[in-house]
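Visitor: After the structure tokens below, expect a handful of questions from me.
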Amino acid sequence: MNPISARRADLNLSPLAVPPVARNADLSLNPVENGKLIRHLEEGGIRFLMYGGNANFYQSQLSEYAEMLSMLDDLSSDQTWIIPSVGPDFGKIMDQAPILKKLNYPTAMVLPYVGPMTQAGLLNGLRRFSDAFGKPFFLYIKSDEYIDPQHVATLVGEERILAVKYASVRSDPANDPYLRRLLEAVPAEYFISGIGERPAIVHLREFGMNSFTTGSGCIAPRGSLEILKAILAGDWNRAATLREHFMPLEDIRDATSPIQVLHDAVSASKIAQMGPAVPFLSNTLPENLPALTEAALRLAAFNQSLFA
């Protein structure tokens, strides 16, 4: 894990992959299979591995947090940023902050909390985490109601936020009044499109975001990287053409469960065996596996073709 100080300007060196985590049958961590997936991503040119929703950090045990972070650090190249998540609740982020600090992680993402919360309380909690961690963090926004844009601007002004992962879903990503309010308060360079390849072109072209996250890019990292390169070059037609290869799997993810489907799609693609899902999630039902497997294998074949 190379960067001791996280630099926002580096965040468009590649998409930010959001991988699942491989586990053994007893739910313990599986370093061998996690290593396979990390090497696949690095060989595809991915520089950022963000472990959050797809890794189901929402349900991870605090007792395994240090082991998880140490494993990911050991398995990754010194040119790769590992960005772990904390939370989502206040108690968990405060217990995780000293672990992050001790292991010298350059940044972390605060998972969005859903439950009893006020805006003043959220701002207080994020500040307390920032003080305990001592480094700027990723703010993860998944809904319009989560945080007021002016509070985001306040945290940015206090140099507590490194970047914002923006993932409020729209049927038309170009029609997003809440995002426009955010961008009136905070420079676009702080924003990462956080919903995979589907809205990435619009988010970067129309709103000036820095980069995008990718789940399906865990299967086709070179394909996802080529999309980002095309976007940065202003080659919108090439970006759109490349994106079409991702849509069959993304359609399945959006129709059911993005986390569940990606977890099992990585296994179906034969890149690495992810094993059981962590409760309260479950693995894909057997009757849904054929379509998932076909989409995963097609995407993996596309990725391989880019190395020819």
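No value in this document is a laboratory result; all are computed from the given coordinates. Fair warning: this is a prediction, and the values are worked out from it, not measured in the lab. Positions of Cβ are generated from backbone atoms using ideal geometry, with glycine treated the same way; all protein chains shown enter the neighbour counts.
Visitor: Consider only pairs whose beta carbons are under 6 Å apart and that are at least six residues apart or on different chains; among these, list those whose first residue lies in region 15-30 and is over 16 Å from LEU281 (Cα atoms) and whose second residue is in a loop (DSSP other than H, G, I, E, B) and polar (S, T, N, Q).
Guide: Pairs that qualify, where the first residue is over 16 Å from LEU281 (Cα atoms) and the partner is in a loop (DSSP other than H, G, I, E, B) and polar (S, T, N, Q), are VAL18/ASN54; ASN30/ASN24.
Visitor: Which condition number in (1) under 30 Å from LEU306 (Cα atoms); (2) in contact with a helix residue (DSSP H, G or I) (Cβ under 8 Å, 6 or more places away or on another chain); (3) not charged (D, E, K, R) is the one that LEU139 fails?
Guide: So LEU139 meets the others, but not (1).
Visitor: For region 202-213, indicate whether the set of residues that are surrounded by 24 or more Cβ atoms within 10 Å (Cβ to Cβ) and part of a loop (DSSP other than H, G, I, E, B) is non-empty.
Guide: yes
Visitor: Which of the residues spanning region 90-127 are polar (S, T, N, Q) and free of Cβ contacts under 8 Å to residues at least 40 places away in the same chain? Write out each step before concluding.
Guide: Here is the first cut: in region 90-127, the residues polar (S, T, N, Q) are 96, 104, 107, 118-119, 124.
Across region 90-127, the qualifying residues are GLN96, THR118, GLN119, ASN124.
Visitor: Quick one: THR241 ticks every box in (1) more than 19 Å from GLN59 (Cβ to Cβ); (2) part of a loop (DSSP other than H, G, I, E, B); (3) of a type outside the set (Gly, Ala, Ser) except a single one, so which number is it?
Guide: Checking THR241 against (1) more than 19 Å from GLN59 (Cβ to Cβ); (2) part of a loop (DSSP other than H, G, I, E, B); (3) of a type outside the set (Gly, Ala, Ser), the one that fails is (2).
Visitor: Which condition from (1) farther than 24 Å from LEU13 by Cα; (2) in contact with a strand residue (DSSP E or B) (Cβ under 7 Å, 6 or more places away or on another chain) is the one that SER76 breaks?
Guide: SER76 satisfies all of (1) farther than 24 Å from LEU13 by Cα; (2) in contact with a strand residue (DSSP E or B) (Cβ under 7 Å, 6 or more places away or on another chain) except (1).
Visitor: Counting just the residues of region 223-265 that are of a type in the set (S, T, N, Q) and touching a residue at least 24 places away in the same chain (Cβ under 8 Å), which one comes out farthest from SER282 (Cα to Cα)?
Guide: My answer is SER224.
Visitor: Right, another one. Taking LEU292, is it over 20 Å from the mean Cα position of the chain (by Cα), surrounded by 14 or more Cβ atoms within 10 Å (Cβ to Cβ) and either in contact (Cβ under 8 Å) with a residue 60 or more places away in the chain or not in a loop (DSSP other than H, G, I, E, B) (or both)?
Guide: yes
Visitor: When both residues are 6+ apart or on different chains and their Cβ atoms are under 7 Å apart, which pairs have a first residue that lies in region 49-66 and is among the hydroxyl-bearing types (Ser, Thr, Tyr), and a second that is surrounded by 21 or more Cβ atoms within 10 Å (Cβ to Cβ) and assigned to a helix (DSSP H, G or I)?
Guide: TYR51/LEU72; TYR65/GLN96
Visitor: Which of the residues that make up region 172-222 are farther than 24 Å from VAL266 by Cα, in contact (Cβ under 8 Å) with a residue 60 or more places away in the chain and not hydroxyl-bearing (Ser, Thr, Tyr)?
Guide: Correct list: GLU189, ASN210.
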